[in-house]
Amino acid sequence: MRIIAGEKKGHRIAAPKGLTTRPTSDFVRETAFNLIGPVDGATVLDLFAGSGALGLEALSRGAARATFVDSDREACRTINANLDKLKLNATVLCQDALRALSTDRNTYDLVLADPPYDYVALDRLAPHLKRVLAPDGLVVYQTDARTEPEVEGLHVRTSRKYGSARLTLFEA
């Protein structure tokens, strides 16, 4: 995997070992950021971060600050290694996404969520997503192509399929 655009364009990043992480492909990340638009100065929350590829891409493209959340220790080590390699500064929380969201008092311009495709707790995440999202912010939620997620209190800006993945963008 590599960073697609921005200051760190072309730099390779690592992914956690094993089968518990499904890294977002370069194509899907590029497409996501084409849909998102400029992220200059944005505050970013990367939930279910895995390798951190989505949040790292945002930082490379000019985001001011990023917080990465993943419950897997190997994923957290990988995110920290990628941050060190790219010489980027960010916060890494090694905890469950629901727990992290329930205690977070920050607001974010961009929330990136790429949970396991069998994740069933979106209804429990939804109130927290709405609360941490800045008034003009976006939530980018990745699912398998067959799933059309809904987040109560947020409106779908667009939902598109790319192979086996679906990207759904929500706004307040």
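The values are calculated or read from the model by the stated rules, or taken from the named source; none is laboratory data. Note that this is a predicted model, so its numbers are computed, not measured. Virtual Cβ from ideal backbone geometry, glycine too; neighbours counted across all protein chains shown.
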Residue check, Ala58 surrounded by 18 or more Cβ atoms within 10 Å (Cβ to Cβ), under 10 Å from the mean Cα position of the chain (by Cα) and more than 14 Å from Ile4 (Cα to Cα): no
Spans of helices (runs of 4 or more DSSP H) in region 15-104 with at least 2 residues within 22 Å of Glu171 (Cβ to Cβ): 26-36, 53-60, 97-103
Close pairs (7 angstrom Cβ cut-off, 6 or more residues apart or separate chains): under 18 Å from Pro116 (Cβ atoms) and modelled with pLDDT of 95 or more in region 154-172, aromatic (Phe, Trp, Tyr) and surrounded by 14 or more Cβ atoms within 10 Å (Cβ to Cβ) anywhere: Thr168/Tyr141
Number of the exception - Pro38 against (1) under 24 Å from Gly163 (Cβ atoms); (2) surrounded by fewer than 21 Cβ atoms within 10 Å (Cβ to Cβ): (1)
Single residue of Val111, Val151, Val92, Val69 found to be in contact with a strand residue (DSSP E or B) (Cβ under 8 Å, 6 or more places away or on another chain), at pLDDT 95 or above and either more than 23 Å from Lys17 (Cα to Cα) or of a type in the set (Gly, Ala, Ser) (or both): Val111
Residue list for region 58-68, restricted to those being of a type in the set (A, V, I, L, M) and in contact with an Asp or Glu (Cβ under 7 Å, 6 or more places away or on another chain): Ala66
Residue list for region 99-127, restricted to those being closer than 20 Å to Arg65 by Cβ and either β-branched (Val, Ile, Thr) or surrounded by 19 or more Cβ atoms within 10 Å (Cβ to Cβ) (or both): Ala100, Leu101, Thr103, Thr107, Tyr108, Asp109, Leu110, Val111, Leu112, Ala113, Asp114
